[in-house]
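One structure is given here, and the rest of the page talks about it.
The values are calculated or read from the model by the stated rules, or taken from the named source; none is laboratory data. Bear in mind that the values here come from a model prediction, so they are computed numbers and not experimental data. Please note: Cβ atoms are built from the backbone with ideal geometry, for glycine as well, and neighbour counts cover all protein chains shown. Only protein heavy atoms, including side chains, enter the accessible area calculation; ligands, DNA and RNA are left aside. Shrake-Rupley method; radii C 1.70, N 1.55, O 1.52, S 1.80 Å.
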Amino acid sequence: MTDIVKNLEGVNARIQEACTAAGRAREEVELVAVSKRKPKEAIQEALEAGHLLMGENRVQEVMQKQPDLPSVLRWHLIGHLQSNKVKHALHCRFELIHSVDSVKLLQAIDRQAGEEGWMQSILLQVNVAGDGAKFGFKPEEVPAALDVCNLCRNLDVQGLMTLPPLTQDPHDVAPYFAQLRELRDQCSEESGFELPHLSMGMSRDLEVAVQEGSTLVRVGTDIFGARI
Ligand SMILES: *Cc1c(COP(=O)(O)O)cnc(C)c1O
């Protein structure tokens, strides 16, 4: 068995254990294997192990990888998207864009999706910690962003995503994940959007994320190894 196959088994076992501990069904949480800066061969190995869902953070990189890989793969964009890359991003046919972080970007995606007759599923990225360095809506900006989504005919907003600040102890991110869940609950009630997805949790803190209600964990290092 290769490292990637073994690592996938390990990460799936961790998700299963976290679901059991949280009293959740395993089907409620999906694993996004973050293949950024890893070669096509690594993705191929994951695919052969039966894993189809890949996360990437750069549109350019996906455009390089996709043509040589089987079309059964499912792709999620998890990194910041610049407005001038929206057209390319749409051509990658991402099943979900996790990282929509401004109204301008929402409108650009909606416009481009409209031109292509494509319904683009998205998440709104939220900067729950309010730390200046990261991308994302401030929590208090999310209701207005959802109002904009309501007017966008080619967007299907499915939930919220966050990248918490790096803490010494992974358990210390729990309040940020809980905050995202509470924000989702509140926004869902007020906006009428169902918002079923919470994208939170990575290699170091996926257990905490599952405990707090994550439906999409984004795991790179613990599947594909450290990135150089
Ligand atoms: C790289 C990345 C991940 C994966 O992080 P690991 O620590 O390698 O699991 C998850 N989410 C985002 C947004 C990333 O950019």
- request: Looking only at region 123-144, count how many residues are touching a helix residue (DSSP H, G or I) at 6+ places or on another chain (Cβ under 7 Å) and under 20 Å from Leu96 (Cα atoms).
  value: 4
- request: Answer yes if at least one residue in region 203-212 is closer than 27 Å to Pro39 by Cβ, charged (D, E, K, R) and touching a helix residue (DSSP H, G or I) at 6+ places or on another chain (Cβ under 7 Å), and no otherwise.
  value: yes
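Residue-by-condition table, conditions (1) under 14 Å from the mean Cα position of the chain (by Cα); (2) open to solvent by less than 60 Å² (accessible area, probe 1.4 Å); (3) polar (S, T, N, Q):
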{"position": "Pro164", "(1), (2), (3)": "yes, yes, no"}
{"position": "Asp169", "(1), (2), (3)": "no, no, no"}
{"position": "Asp172", "(1), (2), (3)": "no, no, no"}
{"position": "Ala178", "(1), (2), (3)": "no, yes, no"}
{"position": "Arg181", "(1), (2), (3)": "no, no, no"}
{"position": "Cys187", "(1), (2), (3)": "no, yes, no"}
{"position": "Phe193", "(1), (2), (3)": "no, yes, no"}
{"position": "Ser199", "(1), (2), (3)": "yes, yes, yes"}
message: When the residues of region 53-64 are narrowed to those that are free of Cβ contacts under 8 Å to residues at least 60 places away in the same chain and not hydrophobic (A, V, I, L, M, F, W, C), which ends up nearest to the ligand (Cβ to nearest atom)?
response: Asn57
Hits in region 117-146 - residues which are more than 21 Å from Arg181 (Cβ to Cβ) and not aliphatic (A, V, I, L, M): Gly117, Trp118, Gln120, Gly132
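Yes/no per residue for (1) free of Cβ contacts under 8 Å to residues at least 24 places away in the same chain; (2) exposed (fewer than 14 other Cβ atoms within 10 Å of the Cβ); (3) of a type in the set (D, E, K, R):
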position: Ala21; (1), (2), (3): no, yes, no
position: Leu31; (1), (2), (3): no, no, no
position: Lys36; (1), (2), (3): no, no, yes
position: His51; (1), (2), (3): no, no, no
position: Gln66; (1), (2), (3): no, no, no
position: Arg74; (1), (2), (3): yes, no, yes
position: Ile78; (1), (2), (3): no, no, no
message: Could you check region 94-113 and list, in sequence order, the residues that are open to solvent by 50 Å² or more (accessible area, probe 1.4 Å) and touching a helix residue (DSSP H, G or I) at 6+ places or on another chain (Cβ under 9 Å)?
response: Val103, Lys104, Gln107, Arg111
- prompt: Within region 145-203, which residues are more than 16 Å from the ligand (Cβ to nearest atom) and part of a strand (DSSP E or B)?
  reply: Leu155, Asp156, Val157, Gln158
- prompt: What number goes with the only condition from (1) surrounded by 13 or more Cβ atoms within 10 Å (Cβ to Cβ); (2) assigned to a loop (DSSP other than H, G, I, E, B) that His88 does not pass?
  reply: (2)
- prompt: Exactly one of (1) in contact (Cβ under 8 Å) with a residue 40 or more places away in the chain; (2) open to solvent by 60 Å² or more (accessible area, probe 1.4 Å); (3) farther than 30 Å from Phe224 by Cα is unmet by Leu151. Its number?
  reply: (1)
- prompt: Which number in (1) open to solvent by less than 50 Å² (accessible area, probe 1.4 Å); (2) under 22 Å from Val86 (Cβ atoms) marks the one condition that Asp156 misses?
  reply: (1)
task: Considering only region 209-228, state which residues are open to solvent by 10 Å² or more (accessible area, probe 1.4 Å) and more than 13 Å from the ligand (Cβ to nearest atom).
output: Gln211, Glu212, Gly213, Thr215
